[in-house]
Amino acid sequence: MSTDLGITLAEYVRGVASGEISCEEYVVATLDRIEKHDAKLHAYVSVDADAVEAAKGVDAAVRAGRDVGALAGAPFGIKDNICMAGTRTTCCSWMLEDYVSPYDATVVDRLSGSGGIVVGKTNMDEFAMGLTTEFAAFGPSLNPWNTECVPGGSSGGSAVAVSALECIASLGSDTGGSVRNPASFCGIVGYKPTYGRLSRYGLVSYANSIEQVGIMARSVEDVGIVMNAISGEDKMDDTTRRDVRSGADHTPDHIADIDGGVEGMAVGLDVDSFDESTDVGSAVRRAADAFEAAGATVTDVHIDHGPSSVASYYVLTAAEAGSNLARYDNLRYGYDMPQEGYEYNAYISRARSRLGPEVTRRMILGGFVPSAGHAGKYYLKALKMRDALSAQVDGVFADGNLACILSPTVPVLPFKFGEKIDDPVELFRMDSNTVLANLTGRPSISVPFAMSSGLPIGVQLTGSLDSDAQLLRIANTIHASSESKGAPQL
Amino acid sequence: MITNDEIRAVAKLMKIEIDDYEEHAEKIRKMIEYFDHLDSVALSDTFQRGITVTIDSLRDDVVENTGAGADLGLKFGGGEHMHSPKLR
């Protein structure tokens with residue numbers, strides 16, 4: 001009997017525990033599928049064939065009655081900007097083409113510690129700067145629903161891998177929607193937790209004050225299972241934090257109440273975030289109707305999604321990226337030499353010529369917006385805009401009645417390769433609904449809800465700080481009403 | 001409006017050599033023009049927000065040699081730093 005790769009992580013874990021599923025068979029089937037389809041889809045930039053040995057160990061442990069962890073040998077894909085000891089972590093840049101990480105990111109360490117098996121590193125826009133994977137140095141990933149369309153990004157490879165059944169779940173990073181955007185375009189669940197819930201230790205930095213590791217999976221419950229395994233404080237990342245709402249001294253349980261429904265809850269419909277005459281807009285309206293049918297009340301809310309919030313996001317991320325990328329001098333990752341004189345400067349210049357065009361542009365922007373004479377107009381104003389957005393969101397949640405905000409994840413359907421790549425402002429606009437959660441640190445999730453012209457449409461739910469478990473419960477409810485089912489036919 | 005000279009100056013300061021200068025300059029100019037949307041918002045002069053933490057809630061600023069990378073044959077200097085291979 002062939003292995004069903006389309007099951008959820010929850011079903012897989014139960015199957016392994018009961019002996020109905022062999023971890024080895026599942027992992028081998030996953031690697032076979034990667035071999036069969038990934039030459040075209042290009043979800044992965046490297047694959048670990050040794051995963052089979054790890055899977056054999058899981059089966060042996062099950063037979064011996066030993067604990068195999070909450071993830072029970074499930075095969076994961078990891079975005080290639082998350083470090084994993086002994087494997088290449090290239091950020092899909094020629095700059096780091098041969099960089100082998102000497103250590104595990106905390107999320108990888110915890111994933112492995114809970115029994116997860118990493119089958120490969122996934123494709124992405126170079127240094128996570130982009131939202132189509134067209135800026136990936138080693139070539140783009142293709143959307144499995146329509147290979148002429150982009151899969152979204154920057155965590156496009158992680159989304160394609162889950163959607164195309166080339167892994168059961170994956171990790172990405174979300175700086176301005178880089179997990180939720182590709183999740184929406186590929187018809188899977190993509191989750192960005194409250195800032196500080198997941199350790200960024202070992203995540204190659206892009207914009208430290210904004211980015212978070214995110215989780216992509218086929219169900220909301222699967223996201224909760226992975227959150228339980230990898231979230232929590234980390235002494236290696238001082239931005240990680242406890243659940244300040246509960247004051248708990250431990251990581252909250254993200255699945256205990258996941259089937260609790262939304263009866264009596266209030267959902268805010270972000271009416272300025274969509275045009276109801278479009279396919280995406282009408283899908284969001286139907287999602288609101290589904291919430292009401294499930295017992296929630298839906299009220300209109302107004303939040304500034306105008307160009308000023310997107311501008312604020314790009315100014316701040318460029319400034320932080322400019323600072324972070326200053327480290328990409330190829331010294332810490334390349335050769336050792338004296339740091340002065342013509343030879344050094346020429347070397348740095350040569351090394352930085354390995355950065356791709358979009359990263360180069362953002363580095364220049366990152367040097368410009370905080371510079372003398374321009375900081376007041378751009379950088380400081382962007383910081384104030386970020387404060388103003390946080391105040392707006394606080395205001396929306398202030399009375400404690402609203403459980404989450406509903407909007408489209410991306411305002412448009414997946415588009416074709418090359419359609420927007422030459423217009424940076426057109427690409428900026430794709431982030432209009434997702435950057436809010438990043439700028440304000442709020443948890444946010446994209447859930448596949450509808451299909452149009454054979455392409456998926458995701459709806460986005462954004463919660464208040466530290467409401468992660470409640471947000472997953474709400475998302476689980478709307479996912480149960482989803483008009484979008486199954487995996488793409490390859 | 002950012003000028004070509006300003007873009008060239010910033011690129012030089014950041015030690016970035018650009019071959020297809022005109023293409024980059026046009027896109028960078030469009031991006032910065034988009035940032036002018038920030039001018040359309042009335043913002044207060046002071047920052048109202050931020051999270052304050054006490055210094056003792058941060059971990060100690062000490063080097064911990066975890067041994068990471070030892071199995072890759074990388075050399076450690078003084079037990080603290082990892083050495084890259086020398087440029088030949």
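Considering only region B:20-32, I want to know if a residue exists there that is part of a loop (DSSP other than H, G, I, E, B), farther than 26 Å from A:L389 by Cβ and among the charged types (D, E, K, R).
Start the filter on region B:20-32 by keeping residues that are part of a loop (DSSP other than H, G, I, E, B), which leaves B:20.
Checking which are farther than 26 Å from A:L389 by Cβ leaves us with B:20.
Next cut, among the charged types (D, E, K, R) only: B:20.
For region B:20-32, residues part of a loop (DSSP other than H, G, I, E, B), farther than 26 Å from A:L389 by Cβ and among the charged types (D, E, K, R): present.
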Of the residues in region A:252-270, how many are in a loop (DSSP other than H, G, I, E, B) and in contact (Cβ under 8 Å) with a residue 40 or more places away in the chain? 12
Whether any residue in region B:39-56 is surrounded by 10 or more Cβ atoms within 10 Å (Cβ to Cβ), of a type in the set (A, V, I, L, M, F, W, C), part of a loop (DSSP other than H, G, I, E, B) and at pLDDT below 70 is what I want to check. yes
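The rows are residues; the columns are (1) under 15 Å from A:V223 (Cβ atoms); (2) touching a residue at least 12 places away in the same chain (Cβ under 8 Å); (3) among the β-branched types (V, I, T).
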site: A:A403; (1), (2), (3): no, yes, no
site: A:P411; (1), (2), (3): no, yes, no
site: A:I421; (1), (2), (3): no, yes, yes
site: A:S446; (1), (2), (3): yes, yes, no
site: A:S453; (1), (2), (3): no, yes, no
site: A:S467; (1), (2), (3): yes, yes, no
With respect to A:I210, is the statement that it is assigned to a strand (DSSP E or B), among the aliphatic types (A, V, I, L, M) and touching a Phe, Trp or Tyr at 6+ places or on another chain (Cβ under 8 Å) true? no
Scanning for something over 24 Å from A:N208 (Cβ atoms), of a type in the set (G, A, S) and either in contact with a His (Cβ under 8 Å, 6 or more places away or on another chain) or modelled with pLDDT under 95 (or both), does region A:83-101 turn up at least one residue? yes
Among helices (runs of 4 or more DSSP H) entirely within region A:372-490, at least 3 residues that are closer than 30 Å to B:E6 by Cα and out of contact with any strand residue (DSSP E or B) (no Cβ under 8 Å at 6 or more places or on another chain) occur in A:379-397, A:424-430
Can you pull out every residue in region A:297-330 that is under 30 Å from A:I478 (Cα atoms) and more than 11 Å from chain B (Cβ to nearest Cβ)? A:T297, A:V298, A:T299, A:D300, A:V301, A:H302, A:I303, A:H305
How many residues are more than 13 Å from A:Y12 (Cα to Cα) and part of a helix (DSSP H, G or I) if we restrict to region A:214-225? 3
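Considering only residues that are in a helix (DSSP H, G or I) and either buried (at least 17 other Cβ atoms within 10 Å of the Cβ) or more than 25 Å from the chain's Cα centre (by Cα) (or both), which ones fall in region A:37-52?
Quick first cut of region A:37-52, residues in a helix (DSSP H, G or I) only: A:37-41, A:51-52.
Listed by number, the residues that qualify are A:H37, A:D38, A:L41, A:A51, A:V52.
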Can you tell me which residue is nearest to the other protein chains (Cβ to nearest Cβ) among those in region A:390-418 that are under 22 Å from A:N181 (Cα atoms) and exposed (fewer than 14 other Cβ atoms within 10 Å of the Cβ)? A:G418
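The values are calculated or read from the model by the stated rules, or taken from the named source; none is laboratory data. Predicted, not measured: the structure shown is a model, and the values here were computed from it. Glycine also receives a Cβ, built like all others from the backbone with ideal geometry; neighbour counts cover every protein chain displayed.
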